[in-house]
Amino acid sequence: QTVPGSLDQERRRQRVLVADDSPVVRELVTEILTAAGLVVEQANDGADALERILQSEPDLLVSDVEMPRMNGFDLLGEVRRRTQRLPVVMLSTRGPIENRKRATRLGANAYLVKTEFHSESLLEVVRRFVNLRS
């Protein structure tokens, strides 16, 4: 018999939702996170991501800023209206300070610029919010 919060629950592989309209970026991020032992789901844009979150909240959301239908800032706003618990990492091709400030104001837990990130920097940030295989 297992008790809620027991080791069985701790061993559950953690789920990350990656929302990005670029298939190349989605695949790259998915590869990095899957190799680190996470279960990764993908969303094509913010609207798709929000639907998936409402169906089953992941342990972490990694979201692009600029996407069709619903951008990352709007997605972040919708997520924060519903929960403060879900960690959100924003990914952007642009790194202007205004975008970082806006993301922080809306409740993002981290902000990465795509041109500056590599697998280790992504994993360093993700490690703050979910357990990775060592």
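Of the GluC sites (Glu not before Pro) in segment 19-67, not one is in a loop by DSSP (not H, G, I, E or B) with at most 12 other beta carbons within 10 Å. Taken about its Cα centre, the chain carries a charge dipole of about 520 debye when Lys and Arg each add +1 at the Cβ and Asp and Glu each add -1 at the Cβ. The helix-based estimate of mean residue ellipticity at 222 nm for the chain, built from -39,500 (n - 2.57) per DSSP H run of four or more residues and divided by its residue count, is -12500 deg cm²/dmol to the nearest 500. Shape verdict for the chain, please, from the Cα gyration tensor: rounded (a/c under 1.5), prolate (a/b greater than b/c) or oblate. Here the chain falls in the prolate category. Under a model in which nothing but the beta-carbon of Lys, Arg (+1) and Asp, Glu (-1) is charged, segment 69-134 shows a dipole of about 280 debye around its Cα centre.
Along the charge dipole of the chain, which of F129, T34, Q55 sits closest to the positive end, that is, farthest toward it, with unit charges on the beta carbon of Lys, Arg, Asp and Glu (+1, +1, -1, -1)? It is F129. Accessible surface area normalised per residue over the chain is 56 Å², counting heavy atoms of protein chains with a 1.4 Å rolling probe. Per-atom-type breakdown for the chain gives carbon and sulfur 48% of the accessible area (1.4 Å probe, protein chains only).
The values are calculated or read from the model by the stated rules, or taken from the named source; none is laboratory data. Computed from a prediction, not measured in an experiment: that's the story for all the values here. So basically every Cβ, Gly included, is an ideal-geometry build from the backbone, and we count neighbours across all protein chains shown. Accessible surface is based on the protein model in full, side chains and every heavy atom, while ligands, DNA and RNA are left aside. Shrake-Rupley method; radii C 1.70, N 1.55, O 1.52, S 1.80 Å.
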